[in-house]
Structure formats: structure tokens, C-alpha cells
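Okay, so here's the structure we're looking at.
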Amino acid sequence: MKTSKGKFSITALLLTFFGVLFIGIAIVAGGLFFNAKTLMVPTVEFPEIQDAVDAAVKGDIILVKAKEDGTPYLENVKIMTDNIKLIGIGKEKPVLDGDFVVNTGLGIDLTDRSGVLVKHFIVRNFEGGIFLDGLGSNMIKGNNVNENSGGIVLRDSASNMIKGNTVKDNEVAGIDLSESNSNMIKGNTVKDNGEDGFGSGIELDASNNNTIKRNNVIGNEEDGIFFSNSASNMIKGNTVKDNGEDGIDIEDSSRNVIKSNTIIGNVFDGIEIENSNRSIIKNNSVNENGTDAGGSGIALTASTNNMIKGNTANDNANDGILLDVNSKFNDVFFNRAFGNGDGMATFDIEGLGTDNNFKGNKCGMSSPPEICN
């Protein structure tokens, strides 16, 4: 009996010790946010956004209203602390304007920041509207990023969510990623970016494992979506329409997936794959492209080992699906292509390269003719 009571006492003591230890760890881990504050702008204490940002600590929420007199905030905002929320509130979004700022550089700067939310602002007339450089895991949501040199810019920044923004009328790219991996670009309207022949809607350079999903990419000066030296990205469920060059242009890239997009009315090709290998182009609607300059629905140039499957490519100015002479070892399966080309120099499906595989395609005219079923 004595031994049993001793064991019970030791067990109870251990449970008490570990319980206290667990609570202590939880307090230390979470204590950073137990004292989280809400900072309001504009107020006497925080007349400008940067005043509140400078005072914020981890876990704080900064709520920003539009100014009562309707004037914008004329400042650059540099986020100084991780894990804060910067949120515009009210019926009218607060406006951050670089037009009369001495340093028009960056509207909202998240250099080396993580865990930050920026939501519900209008950011305009800066060299870069919203800028993320280094670290990551931030969310940029529901903002209007308009009339800047660059819209939303990521440099060496990973695992960010760029969601539900309107990115319009910026001089260069709307959303621009360089050396930035594993980001989600979702549900944005990216429209009318670029000028004087330069600037695409969404651009990726040396950026991998990103997802570009359910965006409307419309009327941009160059390509709707442009990749260079980028691998293992997903482009899915986007509407890519009326862009000044290609709808989707993939160059010097590999292992990307282009799936279930609607690509229509672009000036050159709907989808262009150039010097790019081992990608999947599947279940896209690629129609009525080549509007002014003449272009194809899906065009491969010097590209190998790609899968083109289950797409619809109708009424494009030149070929519906084109594989040039240097495109080899591609699989072209179960596509539908009608009303493309002229049947003499351009066709519904045209395979100029060797060692490509064609199976189950429905089309009106092809070269060689046996491609069509």
C-alpha cells in the first residue's frame, strides 16, 4: 500500500509539473500577442500611417480610415515589424498616393518582413506599389494597386498570398515575381498594365512552384502571363483575354502546368511554348487568337516532351495547334480544333517536327492530314 501511494504521489507530481510547464510555454509562445493593440489612423496620436507602423509591435492591428477631407495619405509606408495587420476600413478605401511625395519609391514596403497582412488600400503613383523583398508568408489582399511604375513586386520572397487585388494601369508589369517561389496569385484582376510596347499582366522570372489561379488577366500591353526560366508552376482557371501579344508565353522553362484556362482574343498566340520542355497544356479553351498580327491557338517552338491534351482550339487566325520543325517528342492527344487557318499554309493542327505523337484529335484540316480523326 505504501508503495502504491508513493507511485500515485510521484505521478500526480509529474502531471502537475508538466501541466505547469505546458502552460508556461504557451504563455511564452503566445504572450507576444496577449498584449496586442489596435492602433487607429488618423488620430492625434497617429496622424499618418507610418506613425502607427513605427509604434506597432508583433500582433498589433493598424486600422486606417480614409481622411475626412478626402485627401490621400502622401507618404511611403515601410513595414518595420513582422506579424502585424495593416487594414483599410470604411466604405471608401484609404488612398496612399506618391504624386507629391519627395521619394516616390515604394508605396508599401515589406522588405524582410513575414506574417504581415496588407488589406483594402488604394496605392498609386509610386515606382513600386506594394513591394515584397526577402522572407515571405505575407498576405496582400483586396487592394487597388494602380498607376504605379510596377504594381505588386516580389523579389526573393516566398510563400506569400496575393489575393483579390485589382492591379491596373501600371507602367510595367502588374504582378512581377523574380526569384520568388511557392507563392499563390489568386483571384486578382490584372488589367491594362504596360505602356509603349512593354509590360505584361503577370510576369515570372526564375521563380518556381508558384500557383496562378482564377485571375482575370485582360488588355495588358504585352503578354497576359509571361514566364522566363521558371519551373514547376501551375497556371489554372484564369481568364486571359485581349492582351497585346501572347495570352500565355512560356520561355526557357520546364515542368509547368497550364490547365483549364480560357484564353481568347489575344493579338498573337493564345499559348506560346518556346524552348521549354516537359510541361502539360491540358483542358484549355484557346479560341479566336491572332486578332491583328495573326497567331495560333497553341504554338510550340523548339520545345520537347510536352503534353498537349484535351484542349479546344477554335477560330484562331493561323494554326489551332502548331508544332514547329524543332519541336519533337511531344504528345498531342484528344484535342478539338476547328475553323483555324486557311487549309493551305495554316491548319487546325500542324505538326512540322518529327517524332511527335498524335492520338484521338478531332479537327477539320491538318498537316500531315492523318492527324485529324
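The values are calculated or read from the model by the stated rules, or taken from the named source; none is laboratory data. Since this is a predicted model, take the numbers as computed values, not measurements. Because the Cβ atoms are built from the backbone with ideal geometry, glycine has one as well, and the counts that use them run over all protein chains shown.
Here the strands (runs of 3 or more DSSP E) wholly within the stretch 79-154 that include at least 3 residues being within 17 Å of Val64 (Cβ to Cβ) and of a type in the set (A, V, I, L, M, F, W, C) are 85-89.
On the given criteria, is Ile10 β-branched (Val, Ile, Thr) and either at pLDDT below 55 or in a helix (DSSP H, G or I) (or both)? Yes: the conditions hold for Ile10.
Out of Asn138, Asn125, which single residue is within 18 Å of the chain's Cα centre (by Cα), modelled with pLDDT of 95 or more and not basic (Lys, Arg)? Asn138 is the lone residue from the list that is within 18 Å of the chain's Cα centre (by Cα), modelled with pLDDT of 95 or more and not basic (Lys, Arg). Within the stretch 303-313, the set of residues being over 13 Å from Asn356 (Cβ atoms) and either part of a loop (DSSP other than H, G, I, E, B) or without any contact (Cβ under 8 Å) to a residue 12 or more places away in the chain (or both) comprises Gly310, Asn311, Ala313.
Within the stretch 314-329, residues that are closer than 15 Å to Ala345 by Cβ reach partners that are among the polar types (S, T, N, Q) and surrounded by fewer than 22 Cβ atoms within 10 Å (Cβ to Cβ) with beta carbons closer than 6 Å, at six or more positions or on different chains, in the pairs Asn318/Thr346; Asp319/Thr346; Asp324/Thr301.
Looking across the stretch 195-215, the residues that are more than 12 Å from the chain's Cα centre (by Cα), surrounded by fewer than 24 Cβ atoms within 10 Å (Cβ to Cβ) and at positive phi come down to Asp196, Gly197, Ala206. Listed conditions (1) surrounded by fewer than 10 Cβ atoms within 10 Å (Cβ to Cβ); (2) modelled with pLDDT under 95; (3) not charged (D, E, K, R) are all met by Phe22, apart from (1).
For the stretch 31-82, taking the residues that are farther than 16 Å from Leu117 by Cα and small (Gly, Ala, Ser), the one that is modelled with the lowest pLDDT is identified as Gly31. Of the residues making up the stretch 157-173, those that are under 14 Å from Leu132 (Cα atoms) and either among the hydroxyl-bearing types (Ser, Thr, Tyr) or buried (at least 19 other Cβ atoms within 10 Å of the Cβ) (or both) are Ser157, Ala158, Ser159, Asn160, Ile162.
The set of residues in the stretch 270-286 that are small (Gly, Ala, Ser) and under 15 Å from Val257 (Cβ atoms) comprises Ser276, Ser279. Look at Ile62 and say whether it is part of a strand (DSSP E or B) and either among the polar types (S, T, N, Q) or under 22 Å from the mean Cα position of the chain (by Cα) (or both). When the stated conditions are applied, Ile62 does not pass them.
Residues in the stretch 226-276 that are over 22 Å from Gly290 (Cα atoms) and hydrophobic (A, V, I, L, M, F, W, C): 3 in all. Of everything listed in (1) more than 24 Å from Asn330 (Cα to Cα); (2) among the basic types (Lys, Arg); (3) under 14 Å from the mean Cα position of the chain (by Cα), the single unmet condition for Lys241 is (3).
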